[in-house]
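Below you'll find the structure, written out as structure tokens, and then a few comments.
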Amino acid sequence: MQAEGVQTHQMFIGGKRAASHSGRTYAVVNPATGKAFALVPKGDAEDARAAVDSAKRAFQDPAWRSMDPSKRGRLLNKVSQSIRERLGEFAQLETTNNGKPLGQAKGDVAMAARHFEYFAGLADKIQGSTIPVPGNRLDYTLKEPLGVTAHIVPWNYPLVMAARSMAPALAAGNTVVAKPASFTPLTLLNLAELCKEAGFPDGVVNVVTGGGEEVGGELAKHPDVELTTVTGSVETGMRIMELASTNLSRVILELGGKNPHIVFGDANLEKAAAAVLNGIFTNAGQMCWAGSRLLVEEGVKQEVLRRLVDGANAMKLGDGSKPDTTMGPLVAESQRARVASYVEIGTAEGAAVAAGGGPPADEALGSGYFYRPTILDGVAQDMRVAREEIFGPVLTVTTFKGEDDAVAKANDSEYGLWAGVWTGDLRKAHSVVGRLESGIVAVNEEPITFPQTPFGGFKKSGNSSEQGMDAVSSYVRTKNVSVNLG
């Protein structure tokens, strides 16, 4: 018997809602309460194959394949407008499904709309070029869509991460099969409905819910999938690359991070501390680009730490739907257990808990997956908490002596996604920026991004960039044409 208030959702394949062929479902849980509020199909490889078949047919259909690029742009704009019109509805669903505060969810939904809007404007500007060659010849290039693209979407930003990769893929003329994370499938299912309402032909946008290996693995190795884009862990990215290699298909990876905030003594310490707090405790620290490592110059460490501890202790934990909540729960009990284990590891290695360090004492929060904003002081470079991605509300604090030491410690990581530099000396800022091994660097600013700015990391943080004009190049192939005019 279905529990009261639990809604049943369907996958979206071929322009229609669809149950899994097996009939299996699983429960989606509100992490603030620990209670199920939705049922979705537990798809498997057969469902993934059905979605790919649908997307392939749609790609070959002249209704999509021959559509004027400016019309594709108008469809993307319609989706953007619809997301904005339903911003409150999408944000509330995102908060209930993911746990983040409603204000953060509204920002995410607005960002998703901006991604569709931005790539709508690029749809009729994907163009080749003419090339001067010897002889009486005309040589030019064509930019063609790849075909079926697979999008494996994470649970920390379910809607905006889907929009970030789906919008350029559609703008370029590809068709899409998206797999949301098992924890957070609901806003992506609603997005597929919006695409249908906007006028996308059936089969152009498909969404399959289910397990990572069963659905995501099948998509990555499917011979008709030309590209798989993944936002997730390093281990997931490596597995997807392995599966995709059987077809030599393209893979876009946006993976983990262990990102440093470098605070020099000449920085505006008040602004720096506020940004560090936002950079690690937004979305309960469940961000690949969270500023999880504070590298602070020795002389100002105590002042900065005092501000951080006061800020962490003042944060209000609670249901993200409540207006006074500043940090919501972790997405699942397994994620909270992971965070707790790392705090135990850190203290065993010699770090000191300066703030947080466990679940809240408030009994009203006992059924949710809450963990207090935590700061670990005295963290050395060789500690696991300084090197491994915790993916939760845990900030590590390490001191440095001078510019060279700061850069060396910042780069001493297998990751290279984001870094922040705080200083009042622009000469120093530019010098440090040029030496950091990070795909994204912010100066005197917390983590921030825009649809028009590239987003991607170095080293084990990824192999490509999403967003911006360059993102479209991942979703097209180049054909050279040489015409002998003699």
Which percent of Cα-Cα pairs in region 236-347 sits in each 5 Å bin, short to long?
-> 2, 10, 14, 18, 17, 13, 10, 7, 5, 3, 1
Per-residue HN-Hα couplings for region 261-276, Karplus 6.51 cos²θ - 1.76 cosθ + 1.60 at θ = phi - 60°, whole Hz, x for Gly and Pro?
-> 9, 9, 10, 7, x, 8, 7, 6, 5, 5, 5, 4, 4, 4, 5, 4
Highest average packing first - 327-334, 297-304, Cβ atoms within 10 Å | 327-334, 297-304
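Per-residue ellipticity at 222 nm for the chain, helices alone: DSSP H runs ≥ 4 residues times -39500 (n - 2.57), over residue total, nearest 500 deg cm²/dmol?
Computed ellipticity for the chain at 222 nm equals -11500 deg cm²/dmol.
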Work out from phi, with θ = phi - 60° and the Karplus expression 6.51 cos²θ - 1.76 cosθ + 1.60, the ³J(HN,Hα) of each residue of region 335-342, listed in order in whole Hz, and give x for Gly and Pro.
-> 6, 5, 5, 5, 4, 4, 5, 5
Close Lys-Lys pairs in region 260-451, where close means Cα under 21 Å and separation is 8 or more or interchain = 9
In Å and from the alpha-carbon atoms only, list the Rg and Dmax of region 1-139.
-> 21.0, 76
Hey, what did region 260-451 get for relative contact order, percent, Cα under 8 Å, at least 6 apart?
-> 28 percent
Among the Cα-Cα pairs of region 383-486, the proportion with separation greater than 17 Å, in percent, is 65 percent
Radius of gyration and maximum dimension Dmax of region 260-451, Cα, Å | 15.9, 51
How long is the chain along each principal axis, judged by its Cα atoms, biggest number first, in Å?
-> 74, 70, 40
At a Cα cut-off below 16 Å, give the lysines reachable from K71, other chains included and same-chain residues fewer than 8 away excluded.
-> K125, K196
For every other residue with a beta carbon closer than 11 angstrom to the beta carbon of T478, add +1 if it is Lys or Arg and -1 if Asp or Glu, then tell me the sum.
-> +2
Arrange the peptides 157-163, 476-482, 180-186, 234-240 so that the one whose residues have, on average, the most other Cβ atoms within 10 Å appears first.
-> 157-163, 180-186, 234-240, 476-482
What is the antiparallel percent of DSSP beta bridges lying wholly in the chain, to the nearest 5?
-> 40 percent
Burial order of peptide ranges 77-88, 272-283 (average beta-carbon count within 10 Å, highest first) = 272-283, 77-88
Over the chain, calculate the relative contact order: mean separation of alpha carbon pairs under 8 Å at least 6 apart, over the residue count, as a percent.
-> 18 percent
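Laboratory data are not the source of any read-out in this text; all were calculated from the coordinates shown. Note that the structure is a prediction, hence the values are computed from the model and not measured. Counting neighbours? That spans all protein chains shown, and the Cβs are built from the backbone with ideal geometry, glycine included.
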